1. Per residue, how big is the convex hull of the range 221-304 when only Cα atoms are used? Give it in Å³.
2. Within the range 161-232, which trypsin sites (Lys or Arg not before Pro) sit in a loop by DSSP and count at most 12 neighbouring Cβ atoms inside 10 Å?
3. If the chain between residue 79 and residue 59 were fully stretched, how many nm would it gain, using 0.36 nm times the residue separation less the Cα-Cα distance?
4. What FRET efficiency would be calculated for the residue pair residue 272, residue 252, taking the C-beta separation as r and a Förster radius of 30 Å, to the nearest 0.05?
5. To the nearest 10 degrees, how steeply does helix 299-308 sit against the main Cα axis of the chain, on a 0 to 90 scale?
6. Tell me whether the range 122-260 comes out rounded, prolate or oblate; compute the Cα gyration tensor, take square roots of the eigenvalues as a ≥ b ≥ c, and use a/c under 1.5 as the rounded threshold.
7. Any idea of the accessible area per residue across the range 252-368, 1.4 Å probe, to the nearest Å²?
8. Nearest 20 debye, what's the magnitude of the dipole of the chain about its Cα centre given +1 on Lys and Arg Cβ and -1 on Asp and Glu Cβ?
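The values are calculated or read from the model by the stated rules, or taken from the named source; none is laboratory data. Just so we're clear, the structure is a prediction, and the values are computed from it rather than from any experiment. Because the Cβ atoms are built from the backbone with ideal geometry, glycine has one as well, and the counts that use them run over all protein chains shown. Surface areas here come from the heavy atoms of the whole protein model, side chains and all, with no ligands, DNA or RNA. Shrake-Rupley method; radii C 1.70, N 1.55, O 1.52, S 1.80 Å.
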Amino acid sequence: MSRPAPQPAIAFLDLQAVNAPHQQNIRRATERVLGSGWYILGKELETFEQRFADYCGVRYCLGVGNGLDALTLILKAYEFPPGSEVIVPAQTFIASVLAVTHAGLKPVLVEPDPQTYLIDPDCIRAAITPRTRAILVVHLYGKCCQMEPITGLARQHGLKVIEDAAQAHGATHRNQKAGSLGDASGFSFYPVKNLGALGDGGAITTNDPALADRLRYLRNYGSQVKYVNAYVGSNSRLDELQAAILSEKLPYLNAENGRLRQLARRYLDGIAHPKVRLPPADTLAEDGWHLFVIRHPERQKLIDYLGHNGIQTAIHYPIPPHHQQAYSDLRSLSFPLTEQLHREVISLPLNTVLRDDEMERIIDTINRAPV
Ligand SMILES: *Cc1c(COP(=O)(O)O)cnc(C)c1O
């Protein structure tokens, strides 16, 4: 008797394959920059900034070095008094919290909504103190936060609303794009993001002209005229090469998000296993679907079983920020829901080159899982 041939592995994410359809356009962008002899703060950046501002439906976009810098620079640009508090979800990638501490401010972590996994407005309300200056919302996994209660609280208490939109390029909330829902937003173009560069990159979007002007200084040594420094700034710029590549990829973002949404819908319809909990589908058509995150009470067993069947998965994220060694001062805090999510989440393959037959195999394998 012969064993069935092992099935080919399904990668969680193959960036070479994801960027392959863009190869010609990327070459064109690269040659444009090479031919120009201008690599930092030039025409390619201006063009991309204009296009991405238009795409998000805001007045200003500023390219910066990465997503963490985008958020940090926004928080610095507001010049909040020392000791100011920023409310941030406990359930997030650590960069959201790092931005707050890098800006010299105090992160006040709050639990997510158990249905959406996004920051819970009731928890925000309970965390507001006289020192609160801003709420940093995170559109985690590509799903926009329900903004109305949050902007309502912000208005009532005179707080800024900052979006961490690093996972939400093209996601919408009531027909408005992520990046246009708060006072200012930070994006990342890290290669795995829905709009990804071939290296590090980030952007800030805002409708606030004074903030945009200050950020133009802050990203460039505090200077807008060479060797004249008005602020203690950073060096954090989106270079011409990455900007040119992003300009070439941006026109395809909606179609690519559309494919991810189609895959997400199929997962949502197809996966039926008593122990697997699916992500919320209430705003399926609006979400950016950066990650497709399921939950299982004995996560490792399912990961091992899927791995054994040639299906690679990932965890976003295994350790919550308040349990990281880097934040020993937050370690005494307890966020039971956040901690439970961090124990149970598994990310399934979700990318623009995942084929229908591969997705059906993943669904079928999960539905037959003996764990
Ligand atoms: C990727 C990411 C960031 C940071 O972006 P970088 O460009 O890697 O610095 C911030 N927040 C979230 C939610 C992210 O996923």
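1. Dividing the Cα hull volume of the range 221-304 by its residue count gives 210 Å³.
2. In loop regions of the range 161-232 (DSSP not H, G, I, E or B), the sparsely surrounded trypsin sites (Lys or Arg not before Pro) are 174, 226.
3. The residue 79-residue 59 span can extend by a further 5.0 nm.
4. 0.35
5. 70
6. Numbers: a/c = 2.39, a/b = 1.10, b/c = 2.17.
Judged from the Cα gyration tensor, the range 122-260 comes out oblate (a/c at least 1.5, b/c at or above a/b).
7. Numbers: 5370 Å² over 117 residues.
On a per-residue basis, 46 Å².
8. On the way: 38 positive and 38 negative charges, 35 e Å.
Value, rounded to 20: 160 debye.
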